[in-house]
Amino acid sequence: MKKTESYNESIAKLREIVSDIESGELDVDILSEKVKEASRLIKVCKDKLFKADEEVKKILEELQ
């Protein structure tokens, strides 16, 4: 089982995918795979941001 990338790793991979797509030189089959991977990475980032937000809220509530 593959470990989930860190937020920074995911962002770096997303930037690379965007750069590849913007180059306009991708084969359609490869483009499809890149878009699928970008979608997965966006979900990873979104989940990590949501969890961090929840943790910060919990900590702030405990301080009050």
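The values are calculated or read from the model by the stated rules, or taken from the named source; none is laboratory data. Just so it is clear, the model here is predicted, and its values are computed rather than measured. Cβ placement follows ideal geometry from the backbone for every residue including glycine, while neighbour counts extend to all protein chains displayed. When the accessible area is computed, the model is the full protein with side chains, heavy atoms only, and any ligands, DNA or RNA have been set aside. Shrake-Rupley method; radii C 1.70, N 1.55, O 1.52, S 1.80 Å.
Quick notes on this one:
- Loop-located trypsin sites (Lys or Arg not before Pro) in the chain whose Cβ has at most 13 other Cβ within 10 Å (DSSP): 2, 3
- Charge dipole (Cα centre; +1 on Lys/Arg Cβ, -1 on Asp/Glu Cβ; no other charges) of the chain amounts to roughly 280 debye.
- Sequence-distant lysines (8 or more away, or on other chains) whose Cα lies within less than 18 Å of residue 43: 2, 3, 13, 34, 51
- The chain: relative contact order in percent, alpha carbon pairs under 8 Å with at least 6 residues between: 45
- Accessible surface of the chain [probe 1.4 Å, protein heavy atoms]: carbon and sulfur percent: 57
- Taking Cβ atoms as reference points and 9 Å as the exclusive limit, the residues near residue 13 contribute a net charge of -3, counting Lys and Arg as +1 and Asp and Glu as -1.
- Spin-label proximity, residue 46 to the stretch 5-36 - amide N less than 14 Å from point 7 Å beyond Cα toward beta carbon: 36
- Taking every DSSP helix (H) stretch of at least 4 residues in the chain, weighting each as -39,500 (n - 2.57) and dividing the sum by the residue count yields a mean residue ellipticity at 222 nm of -29500 deg cm²/dmol.
- Computed from Cα atoms, the angle from the helix 28-63 axis to the main principal axis of the chain rounds to 10 degrees.
- With the convex hull constructed from alpha-carbon coordinates only, the chain shows a mean projected area of 5.6 nm² over all directions.
- In degrees, nearest ten, helix 7-23 long axis to first principal axis of the chain (Cα): 30
- Farthest towards the positive end of the charge dipole of the chain, among the residues 45, 17, 32, is the Cα of 45, using unit charges on the Cβ of Lys, Arg, Asp and Glu.
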